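Written out below as structure tokens is the structure these notes cover.
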Amino acid sequence: MQLQQLQYFVAVAETRHFTRAAEVVHVAQPSLSQQIKALERELGADLFLRARGNITLTDAGEALLPLARRILADADTARHEVLELAQLRRGRVRLGATPSLCTGLLPDVLRAFHDRYPGIQLLIEESGSHDLVRELARGALDLALVVLPLPTASPALTTVELLREDLVVVSSPEAPRPGGGRRAVCITDLEGERLVMFRHGYDLRELTVAACRSAGFEPDFAVEGGEMDAVLGFVRAGLGLAVVPRMVAARSGRGLRVTPLARPGLYRTIALAHRSDVAPPRAARELQRMLLER
């Protein structure tokens with residue numbers, strides 16, 4: 001018994017017509033009829049009652065039909081499972097992330113993913129959440145790590161919260177300690193301090209500026225407009241303080257003094273986003289699993 005024979009049998013059973021069934025499975029009608037007869041010989045029973053213009057199932061055909069459908073469905077599932085496993089040996093994942101997450105969260109996860117699936121090419125798009133949401137929506141990315149809340153509501157995206165990360169104050173060890181040397185500082189302690197500030201559109205810029213204004217003062221910028229590496233470099237040079245994620249500070253702590261923010265402090269919520277209307281490829285789903293289980 002061959003899968004092809006079962007496929008032809010199901011097509012005839014559903015169309016009740018040999019010619020139309022042949023069109024459905026894209027085979028010549030005589031070939032389909034020959035395969036059905038071969039299946040009947042192997043099973044030792046007729047599967048159809050053939051009358052001009054009237055094809056019906058015999059009792060044997062009625063018994064075979066649900067089994068044939070199940071066998072074909074299982075074969076299709078097996079084919080897809082093997083194909084997806086093969087995709088994990090080659091292919092690509094297009095991942096977007098904010099610059100601070102590229103520095104803090106991603107290196108360890110991507111190393112583990114690459115060790116497990118060395119044939120998968122990792123394409124990283126580094127940008128702010130606003131740009132990443134736009135790239136996801138137009139299908140240029142499979143997954144994106146973004147900061148919640150999203151800059152604009154997007155019902156076409158599905159987001160899963162990954163973590164809440166504390167923000168800390170970094171400064172040069174040669175500069176005076178912020179907050180008069182206390183072990184933890186408040187946002188109000190940043191009033192009058194010169195800040196090194198990220199460029200416009202950077203999630204950390206918006207969060208820090210909003211916290212300062214909520215505390216009743218306008219932040220004073222010593223220099224602004226940089227990406228993460230530039231900001232950390234300016235802080236090391238003693239140009240001012242910066243508010244950065246704890247993971248970034250931990251990875252870049254050499255040459256930096258790290259001071260926690262006193263409760264309630266500041267934090268940001270990191271989420272993994274993908275399009276709601278399109279399932280990510282298998283390799284992207286595997287990376288998503290590793291990020292969620294990290």
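Quick notes on this structure:
- Of all residues in region 222-240 being touching a helix residue (DSSP H, G or I) at 6+ places or on another chain (Cβ under 6 Å) and among the aliphatic types (A, V, I, L, M), the one that is least open to solvent (accessible area, probe 1.4 Å): MET228
- Within region 257-279, tally of residues that are buried (at least 18 other Cβ atoms within 10 Å of the Cβ) and assigned to a loop (DSSP other than H, G, I, E, B): 1
- Flag for ALA78 being at pLDDT below 85, closer than 30 Å to LEU39 by Cβ and small (Gly, Ala, Ser): yes
- Selection of region 170-205 for residues being acidic (Asp, Glu), in a helix (DSSP H, G or I) and out of contact with any His (no Cβ under 9 Å at 6 or more places or on another chain) yields only ASP189.
- Restricting attention to region 23-45, the residues that are over 15 Å from GLN2 (Cα atoms), surrounded by fewer than 15 Cβ atoms within 10 Å (Cβ to Cβ) and either touching a helix residue (DSSP H, G or I) at 6+ places or on another chain (Cβ under 7 Å) or of a type in the set (Ser, Thr, Tyr) (or both) total 3.
- Scope region 141-169; condition surrounded by fewer than 20 Cβ atoms within 10 Å (Cβ to Cβ) and part of a strand (DSSP E or B); matching residues: LEU148, LEU157, THR158, THR159, VAL160, GLU161, LEU162, LEU163, ARG164, ASP166
- Identity of the residue in region 79-110, open to solvent by 70 Å² or more (accessible area, probe 1.4 Å) and not charged (D, E, K, R), that ends up farthest from ALA273 (Cα to Cα): VAL82
- Meets criteria (more than 30 Å from LEU132 (Cα to Cα), open to solvent by 40 Å² or more (accessible area, probe 1.4 Å) and touching a residue at least 12 places away in the same chain (Cβ under 8 Å)) for GLU193: yes
- Filtered by the rule that a residue be polar (S, T, N, Q) and more than 13 Å from ILE270 (Cβ to Cβ), region 104-145 gives GLN121, SER127.
- Across region 49-59, not a single residue is classified as open to solvent by 60 Å² or more (accessible area, probe 1.4 Å), within 21 Å of ASP76 (Cα to Cα) and not in a helix (DSSP H, G or I).
- Entry remark, region 123-140: residues being in contact (Cβ under 8 Å) with a residue 60 or more places away in the chain and either closer than 15 Å to GLY201 by Cα or open to solvent by 10 Å² or more (accessible area, probe 1.4 Å) (or both) number 8 in total.
- Residue within region 58-74 that is over 21 Å from GLY201 (Cβ atoms) and under 18 Å from the mean Cα position of the chain (by Cα) present: no
The values are calculated or read from the model by the stated rules, or taken from the named source; none is laboratory data. Since we're looking at a predicted model, the values are computed, not measured. No Cβ is skipped: glycine too gets one built from the backbone with ideal geometry, and neighbour counts run over all protein chains shown. The accessibility values were calculated without ligands, DNA or RNA, using every heavy atom of the protein model including side chains. Shrake-Rupley method; radii C 1.70, N 1.55, O 1.52, S 1.80 Å.
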